[in-house]
Amino acid sequence: MKWSGLQMQNYERDICIIILAISLLVPFGGCGLKTAQQPPPVTAEIVRKADWEVEFRDVFFFDTKHGWVIGEKGTILYTEDSGKNWKTQKSDTEARLNKMQFLDEKRGWIVGNEGTFLRTKNGGKKWEKQIVRDGSMSLISLHFLDEQHGWITGEGGALYYTADGGESWKFRPSGVGEALLDIHFVSENEGWLIAQLGTTLHTTDGGKTWDYKSVGPQDGLLNIQFDSDQKTGWAVGIASTVLSTTDGGKTWIRGEPGIEGSHAIYDLCFTDTKKGWLVSQVGGVIHTQDGGKTWTVQETGTRSDLMAVHSPDAKHVWAVGSYGTMLHSTDGGKTWTIDSESNAEPLAGVEMGESGRGWAVGRRGTIFRTQNEGRSWEQQDSGLSVGLNKVTAVNEEEAWAIGDSGYILHTKDGETWEVQKGYDWIGLHDVQFLNRERGWAVGDMGGIFYTNNGGENWIEQRGYIFELLKGLCFISPTEGWTIGWPGKILHTTDGGKTWKPQESGTFNELYSVYFVDSKLGWISGQYGLILHTADGGKTWKSQYTRTQANLNKIFFASPTVGIAVGDEGTLLLTQDAGKTWTRQDSGTDKNLSDISITEDKIFAVGEDGIAIAYTIPSISKYTPRRRSFQEIETGLPKIDAGWETLRDDGPFRIMDADAGVKSADISFINAIEGWAVGNSSTMLRTLDGGNTWKSVEPPVDARLIAVHFVSSEIGWLLTEDASFLSTTDGGMTWQTLNETTKPMMRGYSPDSQPIEEACQLYAAHFQGFGEGWAAGNQGVILHNEDGNTMWTHQENETSASYRDIQMVEEHYGWAVGSWGKVLWTNDQGNTWHLQTTNTGYDLYGVSFLNRRKGWTVGRDGIVLRTSDGGLAWSAVNTGISTHLYDVSFTNETEGWIVGEGGLILHTKDSGETWVIEESGTKDDLYHVEYVEGFGIVVLGAHGTILKRKLKVQS
């Protein structure tokens, strides 16, 4: 066949198309063609793994040689040589085994989760498995009277009886629906049940009926045991509870075990009516030799929670517990030998440096140090038993660790740790330092803590709010986010002085947050949730992750490449900013709680003490984003503004500088005649414009918080306890107006009975002839309409302590106080409404020019201002971190702030810039006020009175 030119061209074109199509369909690796293989997206190396990954739940020794230990994952261990060697016995279950009992070296029974009941007739060589009911409940305890008759208990009030050694079980109603934690029969007819929530039941008819029995305090009991005499017994439980009886349970006496009051006592074992042992949290073993009248704590050498104890005689004692812990004594507990203890404490936080030196922290105060990228770990002494949740470092030697009970630990040399803060909060969950000085920690009850001196002092920026904060990310010294439950997102642009909420669109717990810049950020949380923002958090959108696992940590190496890790070994990667998340093989099914990024590796830690080093090329190609900022010295300029010291020796004194209690006031009738009072029952008077001050004998022996004169003759005084006095002869004589009508506040007696007690007032404001308002402790606000006898309570929404109060334009007023609370009224205080300040700093002073423009100052340099009457408050940066006690503005642009150490700040541009005016004193200054025709006057500690004349402005 002959081809035309056109046909030949078409044929060649078709062949090219076919070849091209085949080349796209067939991998280049075949037919002798070789290309470089792409490395896997994730390579995992487990660098730390626990020795044991089970918790032991019970121990039983029939004699000094033959014993058994049971625990998680169906574990049964057996020894016949006093624990020198242990053998595993086959249980045919993965359920947790909770309790066991042996009648001799052959016959025994075990109960566990998933309705598991095991029995043996040959010492455990063979265990017969039975599922009680449908396996949906956990069996918790058991007690056999003999080979045939026995009882088992469990969740949901489960109580079953057997008369054939466990071949069959019959349900017996107990009358309660709570979990039944322990059962003990002293005879065929008489028995005891311990239920959840502190309930104790007693039977005298073989369990046919059960009656409630009051056994000591309401603290929940966990275990009960009686001696063979049927009269002597003991019970133990939470809150270090140990009780004893010698009359068969008619009366119970509480003992003093000598351990921390919050620790639970899990188990007990008595060999006779005198000698016994208890085991508790944090490795506690407590011994008595007098039946529980007195107790001695025995040193064990472990801090693992001990769940069970058993002693076949008065010398040989065995105890087991969490993390595969097993210990024994052969001398009645005088000395203990730890036979096994796993390093399986869950690790919650990790921080790794570029040279491979780092830390991991976790349960029981655990701190591990590695010098070689996790290939070996050395435990460091934290001195704590509480869990540690996160660790952060600014270099390879200096680090901070935070954890439960509000603890913050610090090391400067990488080896020794000291407590900076602790036992003052519930729990802290995340921490971040930008340099050696500036850092934040967040936790339970909305707690946010800040330091600007390396942790020597921690400032509570926010707290006592019903929410949990879990994660933290600052991108600069001023801007950051914190997240938590329920779906909580908070944002700050002023270093944490104020925090504004952002809408997350979820109520799920949020665990981790990371921003690459001020716009792009991600949050990971519960049930596989990932949120993303491209506008700094103004809007958040969820991203599809294809997992329901909790995602505990998220990190982005660039605006597009990120990683998230979480429960069940979940490891997700994205290379398109989270539009698609792909699950990778993490090398484990353990829960992963935290990651740390180095130049070439990512380190993860988690459940059962696991630590894994990952190589992930898509992330390692980016420089690690360890944020660090150098502190810039930004001292305010200082000027000599001509402050004149009028007085500097006297008893004016701030009651409690840290609490911001001012308790001082000044009242000028004109530019010549004035009065000043202080909180040491001090009264001063001037008749020459303040050049000289004369002491006046105070009419009462009480702190004076306010003075108000309307003429040379007529004036009033208000005391801290709400006594109200008046004078009509220029202070020569005073009359108490409310001696019989003095307002009281609600309080409680030591035995929690409601009582009335004296008010504790901190500040007052008067306007007009004699109308006044006063504010004080526990939300007290009082009002007097006409300078007469009656002060009445004005209700408000909080119990905060209010430090200052001011009214303007007759009807409008504000009160400021603790926890950043600001109250507002537009009807002379008939109703007070809470305003949102977004800060937790205590506020000490307030100054409003009119119903719209105002200022408030307080603890640790907080300054807030509003231009809409307090509908919105914004923070002002003065560059000062000391306490500020009062503020006064003479017009919309010019104002003064006074505070600790003689500090006076002055602005002429509405607070945009500030200067420090030399005061000439180091005493605290706590009241500043403009007096027309006189100038600015300041009151301070030790009787200090300062004056500054104002230039007349044209």
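The values are calculated or read from the model by the stated rules, or taken from the named source; none is laboratory data. What you see is a predicted model, and the numbers here were worked out from it, not measured in a lab. Counting neighbours? That spans all protein chains shown, and the Cβs are built from the backbone with ideal geometry, glycine included. Keep in mind that these areas ignore ligands, DNA and RNA; they rest on the heavy atoms of the full protein, side chains included. Shrake-Rupley method; radii C 1.70, N 1.55, O 1.52, S 1.80 Å.
In region 724-787, counting only strands (runs of 3 or more DSSP E) that sit wholly within it, none holds 1 or more residues that are modelled with pLDDT of 95 or more and in contact with a helix residue (DSSP H, G or I) (Cβ under 7 Å, 6 or more places away or on another chain). Which of the residues that make up region 820-829 are open to solvent by 10 Å² or more (accessible area, probe 1.4 Å) and either over 38 Å from the mean Cα position of the chain (by Cα) or under 15 Å from residue 762 (Cβ atoms) (or both)? Once the filter is applied, which keeps residues that are open to solvent by 10 Å² or more (accessible area, probe 1.4 Å) and either over 38 Å from the mean Cα position of the chain (by Cα) or under 15 Å from residue 762 (Cβ atoms) (or both), region 820-829 yields 821, 827, 828.
The set of residues in region 908-925 that are in a strand (DSSP E or B), out of contact with any helix residue (DSSP H, G or I) (no Cβ under 7 Å at 6 or more places or on another chain) and either at pLDDT below 90 or open to solvent by less than 30 Å² (accessible area, probe 1.4 Å) (or both) comprises 916, 917. Do we have any residue at all in region 402-411 that's in a loop (DSSP other than H, G, I, E, B), within 26 Å of residue 262 (Cα to Cα) and open to solvent by 10 Å² or more (accessible area, probe 1.4 Å)? Yes, region 402-411 has at least one match. Looking across region 544-568, the residues that are over 18 Å from residue 606 (Cβ atoms), open to solvent by less than 30 Å² (accessible area, probe 1.4 Å) and in contact with a strand residue (DSSP E or B) (Cβ under 8 Å, 6 or more places away or on another chain) come down to 545, 556, 557, 561, 562. Pairing each residue of region 105-119 that is touching a residue at least 12 places away in the same chain (Cβ under 8 Å) with any residue that is hydroxyl-bearing (Ser, Thr, Tyr) and crowded, with 23+ Cβ neighbours inside 10 Å, provided the two are 6+ apart or on different chains, yields C-beta distances under 8 Å for 110/116; 111/141. Here the condition is being among the hydroxyl-bearing types (Ser, Thr, Tyr), open to solvent by less than 20 Å² (accessible area, probe 1.4 Å) and either within 30 Å of residue 121 (Cβ to Cβ) or modelled with pLDDT of 95 or more (or both); of 162, 200, 241, it holds for 162 alone. Taken together, the residues in region 280-294 that are at pLDDT 90 or above and either open to solvent by 30 Å² or more (accessible area, probe 1.4 Å) or farther than 16 Å from residue 266 by Cβ (or both) amount to 8. Considering only region 427-479, state which residues are closer than 21 Å to residue 537 by Cα and among the basic types (Lys, Arg). Within region 427-479, 462, 470 meet the criteria. Scanning region 569-618 for residues that are of a type in the set (Asp, Glu), surrounded by fewer than 24 Cβ atoms within 10 Å (Cβ to Cβ) and touching a Ser or Thr at 6+ places or on another chain (Cβ under 9 Å) turns up 576, 599, 600, 607, 608.
When region 449-469 is examined, which residues are found to be surrounded by fewer than 24 Cβ atoms within 10 Å (Cβ to Cβ) and not in a loop (DSSP other than H, G, I, E, B)? If the condition is that a residue be surrounded by fewer than 24 Cβ atoms within 10 Å (Cβ to Cβ) and not in a loop (DSSP other than H, G, I, E, B), then 450, 451, 459, 460, 468 are the ones that fit. Suppose the filter is more than 30 Å from residue 850 (Cα to Cα) and modelled with pLDDT under 90; does residue 683 pass it? The answer is yes for residue 683. Once region 229-286 is narrowed to residues that are more than 37 Å from the chain's Cα centre (by Cα) and polar (S, T, N, Q), the residue that is farthest from residue 64 (Cα to Cα) is 251. Within region 254-284, being within 17 Å of residue 182 (Cα to Cα), hydrophobic (A, V, I, L, M, F, W, C) and part of a strand (DSSP E or B) holds for 265, 268, 269, 270, 278, 279. Scanning region 546-598 for residues that are part of a loop (DSSP other than H, G, I, E, B) and closer than 22 Å to residue 469 by Cβ returns 549, 550, 591. Among the residues of this structure, residue 928 counts as one that is buried (at least 20 other Cβ atoms within 10 Å of the Cβ), under 40 Å from the mean Cα position of the chain (by Cα) and within 17 Å of residue 882 (Cβ to Cβ). The listed residues are 155, 147, and the only one of them that is farther than 15 Å from residue 192 by Cα, touching a strand residue (DSSP E or B) at 6+ places or on another chain (Cβ under 8 Å) and of a type in the set (D, E, K, R) turns out to be 155. Evaluating residue 517 against the criteria (1) closer than 20 Å to residue 557 by Cα; (2) in contact (Cβ under 8 Å) with a residue 60 or more places away in the chain; (3) surrounded by fewer than 21 Cβ atoms within 10 Å (Cβ to Cβ) leaves one unmet condition, (2).
Screening region 687-712 for residues that are touching an Asp or Glu at 6+ places or on another chain (Cβ under 7 Å) and over 22 Å from residue 739 (Cα atoms) and picking the one that is least open to solvent (accessible area, probe 1.4 Å) gives 712. Quick test for you: out of 24, 77, pick the one residue that is touching a Lys or Arg at 6+ places or on another chain (Cβ under 8 Å) and either at pLDDT 50 or above or not assigned by the TED database to the domain that holds residue 615 (or both). The unique qualifying residue is 77. Just so you know, in region 60-77 the residues that are surrounded by fewer than 18 Cβ atoms within 10 Å (Cβ to Cβ) and free of Cβ contacts under 8 Å to residues at least 60 places away in the same chain include one that is nearest to residue 321 (Cα to Cα), and it is 73.
I'd like the full set of residues that are among the hydroxyl-bearing types (Ser, Thr, Tyr) and either within 22 Å of residue 701 (Cβ to Cβ) or surrounded by 11 or more Cβ atoms within 10 Å (Cβ to Cβ) (or both), limited to region 736-772. Within region 736-772, 736, 740, 741, 762 meet the criteria.
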